[in-house]
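Note sheet for the following structure.
The values are calculated or read from the model by the stated rules, or taken from the named source; none is laboratory data. Since we're looking at a predicted model, the values are computed, not measured. Cβ placement follows ideal geometry from the backbone for every residue including glycine, while neighbour counts extend to all protein chains displayed. Note: accessible area is taken over every heavy atom of the protein model, side chains too, but ligands, DNA and RNA are not part of it. Shrake-Rupley method; radii C 1.70, N 1.55, O 1.52, S 1.80 Å.
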Amino acid sequence: MSRASDRAYAIIRDMILAGELLSGAKIGEEALAEQCGVSRTPIREALSRLEAELLIRRSDTQRSFVADWSLDDVEEMFELRGLLESRAARRAAKRINWSQIERLKMHHEAIGHAIYAATPDTHRFIEHNHLFHGVILEASASAQLTTMLARIVERPIVHRTAQNYSFDDLKRSHRQHGELLAAFEHRDPVWAEAVMVSHIRRAFHAYASAHTGQRITDVSQAAE
């Protein structure tokens with residue numbers, strides 16, 4: 001691949017993940033070539049890479065569109081993420097060192113500051129949430145899990161899930177991070193795995209509620 005193709009790939013991928021190119025939107029090669037400052041050949045090469053990553057799809061007439069997923073597709077993504085991240089949490093609980101635990105505490109604290117600011121800072125929440133999960137993956141010491149999770153976590157739907165969070169969703173996520181920390185400090189793989197399963201499943205329901213335009217009230221929230 002040429003440098004021009006790599007540059008086009010990075011720009012288009014960032015636009016998709018940031019939501020600048022919306023799900024289902026038609027992709028115009030000429031407009032993208034102008035925007036990326038390259039010819040149409042590197043754009044086509046970049047789109048082929050993005051198609052392999054399931055970030056775009058091609059129609060029968062070979063037109064390119066930003067991938068759009070049904071709720072069933074999204075649920076499957078979260079199920080896969082739950083399986084992989086819970087496995088990572090289980091491994092991490094047995095391997096994590098105190099330096100990594102201190103980094104988790106730092107990100108956990110930063111997430112709390114983002115949530116309880118006068119105006120909740122969703123961007124900061126997303127940044128430190130990503131870093132928090134990154135430390136767990138690092139502590140799991142599994143190259144295979146790292147590779148597989150990278151393909152799932154970078155899907156636009158998963159990437160932007162926190163943008164659908166209510167204030168209660170943000171607080172619940174923060175508490176679950178605190179419980180993960182406790183499980184790691186106790187070196188308890190069963191506890192860490194169980195919390196991570198619940199954490200990812202709750203994230204799916206937050207997305208699903210926003211996707212259907214309904215905010216489901218659960219009894220546990222009322223009791224908190």
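Using heavy atoms of the protein chains and a probe of 1.4 Å, the accessible area assigned to D68 is about 100 Å². Annotation: amide H of I56 within the under-5 Å range of E51, A67, sequence separation 5 or more or interchain, hydrogens built in the peptide plane.
Under a Cβ-Cβ cut-off of 13 Å, what is the net charge of the residues other than S59 that fall near it, where Lys and Arg count +1 and Asp and Glu count -1?
Details: positive: K26, R57, R58, R63; negative: E51, D60, D68.
Counting the neighbours of S59, the net charge comes to +1.
In order along the stretch 193-203, the phi-based Karplus estimate (6.51 cos²θ - 1.76 cosθ + 1.60, θ = phi - 60°) of 3J(HN,Hα) comes to 5, 5, 5, 5, 4, 5, 4, 6, 5, 5, 4 Hz; Gly and Pro are listed as x.
Length available on full extension from R95 to V197: 0.36 nm per residue minus the Cα-Cα distance, which gives 34.8 nm. Working note: Karplus 6.51/-1.76/1.60 with θ = phi - 60° gives the stretch 178-186 the couplings x, 5, 4, 4, 4, 5, 5, 5, 8 Hz, where Gly and Pro are set to x. Relative to the Cα centre, the charge distribution of the chain, modelled as +1 at Lys and Arg Cβ and -1 at Asp and Glu Cβ, gives a dipole magnitude of about 420 debye. Using a ≥ b ≥ c from the Cα gyration tensor of the chain (square roots of the eigenvalues), is it rounded, prolate or oblate, where a/c under 1.5 gives rounded and otherwise the larger of a/b and b/c decides, a/b for prolate? Cα axes put the chain in the prolate bin. Considering only V38, V66, V190, the Gaussian network model of the chain with Cα springs below 10 Å gives its largest mean-square fluctuation to V38. Judged by the ratio a/c of the largest to the smallest principal axis of the C-alpha gyration tensor, the stretch 59-160 counts as oblate, that ratio being 1.5 or greater while a/b is no larger than b/c.
Counting only lysines at least 8 places from K105 when in the same chain, those with an alpha carbon closer than 24 Å to its own are K94, K171.
Can you give the FRET efficiency to the nearest 0.05 for D72 and T147, using r as the Cβ-Cβ distance and R₀ = 35 Å? The calculated FRET efficiency here is 0.90. Multiplying the residue separation of E109 and A25 by 0.36 nm and subtracting their alpha-carbon distance yields 26.5 nm.
Determine the sum of side-chain charges near H128: Lys and Arg each +1, Asp and Glu each -1, restricted to other residues whose C-beta is under 11 angstrom from that of H128. Write out the running numbers ahead of the final one.
On the way: positive: R103, R124; negative: E109, D121, E127.
So the surrounding residues net to -1.
Please get the size of the charge dipole for the stretch 1-42, origin at its Cα centre, with Cβ charges of +1 on Lys and Arg and -1 on Asp and Glu, quoted in debye to the nearest 20.
Numbers: 5 positive and 6 negative charges, 23 e Å.
That gives a dipole near 120 debye.
Scanning residues 5 or more positions from I27 or on other chains, those with amide H under 5 Å from its amide H are S64, F65, V66, with H placed 1.01 Å from N in the peptide plane. A simple rule links phi to the HN-Hα coupling: the Karplus curve 6.51 cos²θ - 1.76 cosθ + 1.60 with θ = phi - 60°, which for the stretch 146-151 gives 4, 5, 5, 5, 4, 6 Hz, with x for Gly and Pro. Along the axis of the charge dipole computed for the chain (Cβ charges of +1 for Lys and Arg, -1 for Asp and Glu, origin at the Cα centre), the listed residues N97, H186, G112 are led at the positive end by N97.
Farthest toward the positive end of the dipole of the chain, out of H177, L83, S140, is the Cα of S140, where the dipole comes from beta carbon charges about the Cα centre. Ligands, DNA and RNA are left out, and with a 1.4 angstrom probe the accessible area of the chain is 53 Å² per residue.
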